[in-house]
Amino acid sequence: MKSFTKNLLTTQEFNQVNEEELFERIKLISYMLIFTYPCFFIVDFIFYKNLDKPIFKWVLESVHLAGLVISLIFLMIYPNKIAPKGLIVSGYVSLYLLIGAVSSINSQLFTGNIYAYIIILLGVAAIFPIRPRNLLFQYVTVHILFLIGLYLIEPHHYSYLSILINSTGTAVISFTIALAFYSFRKNDYLNKQKLSRNEESFRRLFNLNPNPLILTKLDSDEIVLINKQAVEYYPEHVDTSFFFSSPNEKQEILNRLLKEKSIKNYVTEQQITANVWKWSLLNFELVDYLEDTCILIDSTDITDMKKKEAELLQHASIDMLTGIRNRRSGIELLRELLKEDKQEFIICYIDINNLKIVNDRFGHSIGDDLIKTCCETISENLDHQDVLFRLGGDEFIVIFFKKKIENVEEV
């Protein structure tokens, strides 16, 4: 029931919008008829001055003058804001049909054609697609009057029958065209309304989302929508080019999006301001917005998490007594170097002599001081690229890079 009521209201809204647009079209046609009346005047009162068919001439003058008068009346009504536009549009459609019918009946007396009526029928269908039931009533009423008028002036039975078939076929085709235009305009309006409601809901959810959200066009870095959280998170940016560290990374993301439609949990480090860098967890989603293909970017600040992760990694990689790399970290580095097989290095194995004697005679704290002193002494004599790690107890490994064996022995 609710859905039916909603559809009914939307149809009424469309009819109102449609009538307002057709009301504007009548204004244009009124101006056209007024500006072309001087041509009709010349034809009626100069070219047809000596015409020996007074009834034809009188009716033709009346039809042209009627077009001028109804156009002037409409332009007088037009500024009135409370004018019943739907009623006026229907009335003027009927008047245009009647003018076409009368013109064709009059032409039948002189030229034997009904072109004016056919042109008006097709013109009304294309220019004034009003509500089908209203238009059907007007078409039927005017067409019956047209056929009666022709019957009264057309003495030849077969000629009248031919005109009846042709005019009725044109009326049916014209009404079908009007129905098609009306249906198309109505569906287009309803789709736009639906799109507008979806856009409104999307905007509301977009702004209510607690995370920074940015909507950007697929084919550019232009930002279409940005919520308050994103403005606060990215205060200095007017496009999304900063999201990517390089054009290659951007193209890789776009290619993945086109293929997969979404990318989840993409971790990257971003320069938020000139002096501030943050780690962000990004989610990319390909969406349609206002007939454009856009990228919805959801951002989560994981800087604190990354800091804790770095601290945990440091705790897991550093020997607590000496402050240098521990066994696990050192062995992992060696394995990576062996896998790469691109960089030459020299390994030096070291152990501390008589550590057990020191521990037994002076205590373990003094033994620990000996270990730390040895590590400090070794570290002071290493270059920044060299690596020292504790293999265990009093055993240590030094990895020398970019040195010859003579240099290492000297160190």
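What FRET efficiency, computed as 1/(1 + (r/R0)^6) with R0 = 60 Å and r the Cβ-Cβ distance, is obtained for L95 and L391, rounded to the nearest 0.05? Write out the running numbers ahead of the final one.
Details: r = 104 Å, r/R0 = 1.74.
FRET efficiency, L95 to L391: 0.05.
Grab the Cα-Cα distance for H156 and N381, subtract it from 0.36 nm times how many residues apart they are, and report the gain in nm with one decimal. List each step's numbers first, then the result.
Working: separation 225, 0.36 × 225 = 81.00 nm, distance 12.40 nm.
Taking H156 through N381 to full extension adds about 68.6 nm, to one decimal.
Under the 0.36 nm per residue contour assumption, what length would be gained going from the current alpha-carbon distance of V140 and L313 to full extension? Intermediate results must be reported in sequence, preceding the final value.
Values: separation 173, 0.36 × 173 = 62.28 nm, distance 8.65 nm.
Gain in length upon complete extension: 53.6 nm.
Which lysines does K372 reach when only Cα atoms under 26 Å apart count, and residues fewer than 8 places away in its own chain are ignored?
Within the straight-line cut-off, K372 pairs with K356, K403.
Taking Cα atoms of the chain, Rg/Rh with Kirkwood Rh, to two decimals?
Details: Rg = 44.1 Å, Rh = 30.9 Å.
We get a ratio of 1.43 for the chain.
If Rh is defined by the Kirkwood formula over all Cα pairs and Rg also comes from Cα, what ratio Rg/Rh do you get for the range 308-411?
Details: Rg = 14.9 Å, Rh = 14.9 Å.
Dividing the radius of gyration by the Kirkwood radius yields 1.00.
To one decimal place, what Kirkwood hydrodynamic radius in Å is obtained for the range 183-264 from all pairs of distinct Cα atoms? Can you show the working numbers first?
On the way: mean 1/r = 0.0666 Å⁻¹.
One decimal place: 15.0 Å for the Kirkwood radius.
Please find, in a Gaussian network model of the chain (springs between Cα atoms separated by less than 10 Å), the residue of F244, F345, F284 whose mean-square fluctuation is greatest.
Of F244, F345, F284, the Gaussian network model singles out F345 as fluctuating most.
Going 7 Å from the Cα of I331 toward and past its Cβ, which residues in the range 363-398 have a backbone nitrogen under 20 Å from where you end up?
387-398
Any idea of M76's accessible area? Nearest 10 Å², probe 1.4 Å.
Spelled out: M76, probe radius 1.4 Å, area about 150 Å².
Between M76 and Q271, what is the label-point separation in nm under the 7 Å Cα-to-beta-carbon projection?
Calculated label separation equals 7.3 nm.
Describe numerically, in nm with one decimal, the distance between label points set 7 Å from Cα along Cα→Cβ at A83 and at I405.
It is 10.6 nm.
Determine the share of the range 139-250's accessible area contributed by carbon and sulfur atoms, expressed in whole percent, with a 1.4 angstrom probe.
Carbon plus sulfur share of accessible area: 61 percent.
Express in Å², to the nearest 10, the accessible area of I144 obtained by rolling a 1.4 Å probe over the protein heavy atoms while all chains stay in place.
90 Å²
Taking only Cα atoms, what is the 0 to 90° angle, nearest 10, from helix 247-260's long axis to the longest principal axis of the chain?
Result, in degrees: 60.
The values are calculated or read from the model by the stated rules, or taken from the named source; none is laboratory data. All values reported here derive from a predicted model rather than from experimental measurement. Quick reminder, even Gly has a Cβ in these numbers, built from the backbone with ideal geometry, and neighbours come from all protein chains shown. Just the protein is used for accessible areas: all its heavy atoms, side chains included, with ligands, DNA and RNA removed. Shrake-Rupley method; radii C 1.70, N 1.55, O 1.52, S 1.80 Å.
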